[in-house]
């Protein structure tokens, strides 16, 4: 049972993380749209859900703190307090602290530390100040909420039983085995109201010799006094909803209010269930439950109106149903299907991808054997298998594809906080949030993007005063965008700041000993100097950046993902840092080529075309590294020379034209062996620094083939072309001079 309880706590931790992310996003939205009450309600629900689930597990420190934040949100929701920047700032810090509290109590199962308690008290004081209460009042309210949780009765009042909520609660037999304690749910009710009366039902308890100590046989009838609505009371039992039956009857005093709400609803063609939901008579869970009952009755051949089922079950009063029927004469019950998602552990998903990779390799081997056998039936069966394996591969890879939007949206908070710290007015825009890439890539790109965004805000974008003096808008613009290009994903971080000063970069590089004086570099090479360790042109060191630490790590991390990073900049206009990454790190479509007895794989997404190298081009290429391809200069690299396959000659050579980042180059090979699915196997550390190689794969024959690093080869070909042209020009000048 402890394993099941651990799983439940882990589930709560994941759910809390998602709720807090939604809460942060809604708070940032409120900064621009303070009147959006739907966002306020969403934030309130997130806090309420976290508090309720934490109460089920007995995480009292989480409950105590979250209750105060929830109280402030409730006042905002009731429009008793108007939200402003100060309140949003406190709620953002409170959300961060909730995450710290939840993570600590789930991972340690211990009382929170003094440091966390101190932070709780400080934030509670700020929250209470927003509500117009003193910190002393805050402490007393929290103490009142967390003390005497075992009490299940109260002093007599003038109210009658009909003035209270009535909760009929029946726990399932398996609830204890699932790690849930029924008593904790009853105790938690006292956090949102008072238990007036409680009756324990023991009718289902078997004889003593038949009792299973791990089963729960109890039911409860509870009289409950609370100002909360029906949905809030029902949410107390959210975490155990699959293992219990809950029926909640409102006080008689609320029936007249429900009737009034129904009468005030707009004249729309709603079904009965929708009317009862809109008027808050029913919760959605109750409606779903009753619709299920109605469906089962209908299948048995007896049709009953939903209203009668609700009244017979004691869920809704007859007066309320009658009013709703009058409001909407045509009543039809319809059960709405729920879309369900399944959480899968990342380790299990990675294991699946590895197995699919092995299946791809095994299928390649089977294909070769089928070809050798020349058995037509076997070859046909193998082609069907190959198609299915390809579909399985694509489906498995899609499981790991996630949208980059979640990563981008986290920077809304970063830009907000850092811009305030720097005293700058900066606006973030996001585009291409729906672009998908491998989950592993998304997880590893977060830190590099953080460095780039913070550097753009600190070094790139000027202060409002400086911008205005240069006739620029006072508000700086920072954008994050993503899009697909040539089988890669491109992520751009763009700012409209002061841009990079080439002269200053060169001087700093020479001063640091990274370059020699008089060296000639292209603009792109100069801009790439910002990724050298220890190089910074910042005038002063800040808490954000300026020590020359971080950008070299960014480059290293990007390259470890088989990606590349480039910079474009213009003084006074701004800068763009462009990251190119592979869509997946697991399985790709490849193009197999051969040189002598070795095999190489080129990622198929980068291949443009294949052409035979003519005899004329072969002779001309002996002293140059480019050819004329239909009127365009195409630089190339010979794999035979690059990987030193000897000085042997071949009667025929082919050139594979590849493209990366808008640049084209050729790869000269001996043979073109066709397309294949390639499972990427990482190289060991000893080979990690080899230029032009990004990984390896196993062919169906068992042979190991090298996967070529196309970006590196394209860059190398371009450099070789420039060098050849310079040498040619120099030779011509010398010949002219000699004459």
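The table below lists the values:
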quantity: Taking segment 346-400 and dividing mean pair separation by its residue count, relative contact order in percent (alpha carbons under 8 Å, at least six apart); calculated: 51 percent
quantity: Percent of beta bridges antiparallel (DSSP, segment 587-733, rounded to nearest 5); calculated: 90 percent
quantity: Over segment 2-146: Rg over Rh, Cα atoms, Kirkwood Rh; calculated: 0.96
quantity: Difference of contour (0.36 nm per residue) and Cα-Cα distance, residue 643 to residue 661; calculated: 4.0 nm
quantity: Full-extension gain in nm, residue 474 to residue 609, via 0.36 nm per residue minus C-alpha separation; calculated: 43.7 nm
quantity: Segment 402-582, relative contact order in percent, only Cα pairs under 8 angstrom and at least six apart counted; calculated: 23 percent
quantity: Segment 587-733, relative contact order [Cα under 8 Å, separation at least 6], %; calculated: 30 percent
quantity: Calculated FRET value between residue 181 and residue 425, using beta carbons and R₀ = 60 Å, to 0.05; calculated: 0.70
quantity: Ranking of 562, 652 by count of other Cβ atoms within 10 Å, fewest first; calculated: 652, 562
quantity: Zone residues, segment 430-444, relative to residue 557, backbone N less than 18 Å from point 7 Å out along Cα-to-Cβ; calculated: 437-444
quantity: Residues residue 410 and residue 388, FRET efficiency given R0 of 35 Å [Cβ-Cβ distance, rounded to 0.05]; calculated: 0.35
quantity: Extension reserve of the residue 96-residue 616 stretch, reckoned as 0.36 nm per residue once the Cα distance is removed; calculated: 180.4 nm
quantity: Inter-centroid distance (Cα atoms) of segment 170-244 relative to segment 616-632, Å; calculated: 83 Å
quantity: Centroid-to-centroid separation of segment 384-398 and segment 489-508 [C-alpha atoms, Å]; calculated: 43 Å
quantity: Distance from segment 647-709 to segment 18-45 (C-alpha centre basis), Å; calculated: 50 Å
quantity: FRET efficiency, 1/(1 + (r/R0)^6) with R0 56 Å, evaluated for residue 368 and residue 510 via beta carbons; calculated: 0.50
quantity: Ordering of 516-523, 86-93, 110-117 by packing [mean C-beta count within 10 Å, highest first]; calculated: 86-93, 110-117, 516-523
quantity: Residues 707, 361, sorted so that the one with the fewest Cβ neighbours within 10 Å comes first; calculated: 361, 707
quantity: Neighbour-count ranking [beta-carbon atoms within 10 angstrom, fewest first] of 376, 464, 365; calculated: 376, 365, 464
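The numbers here are math on the coordinates, done by the rules we state, and not lab data. Quantities reported herein were computed from a predicted structural model and do not represent experimental measurements. Here Cβ is always computed from backbone atoms with ideal geometry, including for glycine, and neighbour counts include all displayed protein chains.
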